[in-house]
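Taking it in order: structure first as structure tokens, then the write-up.
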Amino acid sequence: MASDLKIETEKVYDDPEKGTADAIVPVYPRDEKQLEVVQYLEVKKSETKEAPKKPTPKPRKKVSRWIRFKIWFNTYRKFFCFTFGLNMIGLGLAASGHFPYAIQQSGAMVVGNLNFAILMRNEIFGRILYWIVNTAFAKWTPLWWRLGCTSVLQHLGGIHSGCALSGVLWLLLKVVNAFRSHQLQHDAVLVMGVVTNFAVMISALSAFPWVRNTHHNVFERHHRFVGWIGLLSTWAFVILGDCYNGVTKTWDLSGVDLIHHQDVWFTIGMTIFIALPWICVREVPVDIELPSPKVAIIRFERGMQQGLLGRISRSSIMEYHAFGIISEGKHAKYHYMIAGVQGDFTKSLVNDPPRTLWTRQVKFAGVSNTSTLYKRGIRICTGTGIGAALSTCLQSPNWFLIWIGSDQEKTFGPTISGLIHRHLEPERLVLWDSKKRGGRPDTMKILKEAYHTWGAEVVFITSNYIGNTEIMEGCKDAGIPVFGTLWDFVSNFDKRGFSKHH
């Protein structure tokens, strides 16, 4: 049927060049049957044409296994291995009867570890530690020393985890020993030992990375509220155990002997360290700016020093979320937080903007707080990571900012753009708009050029999990000192991919 089809053609001329044939345009027959055949042949012809190939993305540079291992086995894991390993040696000696102190003062081993774990997460203690290091060692000490100070301060969580898990196991050993000598123990002591064990175990297990990263609210509720139950039951367990004399089967309620027990003082310290941050909780007025459906800019009164993060919530005791703080300095009128709209909490800021929020007035220090240790540095961030990075560059002319994002001025609004353009000179600023430039940049090329041109000593990263890993590997491979994002407190990033505003 196709061979019987005749298609007439006519010449088409361009007006300026009459008489010159530009193209042969088919004039299709009006017969429906023939028209169907023509359409069928055209479809088949178009299918045989080779589809245009998409541009091949630049392959990610592979780094050695040794570099990946060094990034993985960071100071956090070194601290954890040291504290946990040391405790396990002591636990083994105590269980075999070769550690008399731990056998006699088993309560002190439990509460001492828990006390130290809580201290490592105390905002006030952390701020004091950062202040001492920043004041004593800024700029004049060797670079390796300053890098070591930053690494230690950033990874104190390793001591927290190691001591907390060790405390749980010491507590388990103490309760097991109490049941083994149950004839010398009162039933109330045994019951409280079991209750304390369960509460502390649940609190510790809820803080495991998988739970913390994938079920934040579950982590927070169990780690906090079950932890408080654990604190109360610890007090009961310690007091009952220290006041009961198993030999005479009598209670000494005078309290004279109680104050001579080490575990009592450790428990007092633990209670103080837990209570102090909550004493600083206040409900404060806020203004919410919504420059786009993707971002909420939260404005608070009073200025802040650089390198701090704050926890905020709609409730006084539940669902606290941490965000980086942007401020022009201590004497500024306002400070800001950028909340990327991803979870239920941040979505509620857009859908139902509050007039007040609960926050801890004592903010906690992040890795950027050690920027004062260095003569010059580079702060690289993606998307909403600008919230943790910008203050350092606003408050110090010695820091270079690289911000990679999508349509930043429209997404983040005039407030953030105004802060950048007022305070950062073009020679210490790279803004990469992936929407305008057609995609992500060669990040390591930009970073290496800026690092050498600026004469930087260190690079600080705030990005999501994949971006952070790529830059960390690239910097380690190039021999550039670098510190990246930690995933135990940052809540406004998605580990599964690049930031939604990247």
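I'd like the accessible area for residue 116: 1.4 Å probe, protein heavy atoms, all chains in place, Å² to the nearest 10. Rounded to the nearest 10, the figure is 100 Å².
From the gyration tensor of the Cα coordinates in the range 157-210, what semi-axes in whole Å does the equivalent ellipsoid have, largest first, with each one equal to sqrt(5λ)?
In descending order, the three semi-axes are 26, 11, 7 Å.
Extent along the principal axes, Cα only, for the range 98-239: 63, 40, 23 Å, with the longest axis given first.
When only alpha carbons of the range 360-413 are considered, Rg and Dmax amount to 12.3, 34 Å. Remark: C-alpha extents of the range 96-144 on the principal axes read 50, 24, 12 Å, sorted largest to smallest.
A dipole drawn for the range 358-430 from +1 and -1 charges on Cβ atoms has a positive end, and of 403, 385, 366 the residue lying farthest that way is 366.
Taken over the range 413-457, the alpha-carbon convex hull comes to 95 cubic angstrom per residue. With viscosity 0.890 mPa s and temperature 25 °C, the Kirkwood radius over alpha carbon pairs of the range 320-453 converts through Stokes-Einstein to a diffusion coefficient of 152 µm²/s. Shown here: the range 186-286, whose C-alpha atoms stretch 58, 30, 17 Å along the first, second and third principal axes, sorted largest to smallest. Taking all protein chains as shown and a probe of 1.4 angstrom, residue 224 keeps an accessible surface of around 40 Å².
Temperature 25 °C, viscosity 0.890 mPa s: under these conditions the Stokes-Einstein estimate for the range 275-343, based on its Kirkwood radius over C-alpha pairs, is 189 µm² per second. Gyration tensor analysis over the Cα atoms of the range 260-407 returns equivalent ellipsoid semi-axes of 29, 22, 13 Å (largest first, whole Å). Mean projected area of the Cα convex hull of the range 136-177, taken over all directions, amounts to 3.8 nm². Can you check what the net charge comes to around residue 316, using other residues whose Cβ is under 10 Å from the Cβ of residue 316 (Lys, Arg +1; Asp, Glu -1)? So the environment of residue 316 carries a net charge of +1. Separation of the alpha carbons by more than 26 angstrom is noted, of 70/448; 139/476; 330/476, for 330/476.
The values are calculated or read from the model by the stated rules, or taken from the named source; none is laboratory data. Keep in mind the model is a prediction, meaning the values are calculated, not measured. Every residue, glycine as well, gets a Cβ built from its backbone with ideal geometry; the counts of neighbours run over all protein chains shown. The accessibility values were calculated without ligands, DNA or RNA, using every heavy atom of the protein model including side chains. Shrake-Rupley method; radii C 1.70, N 1.55, O 1.52, S 1.80 Å.
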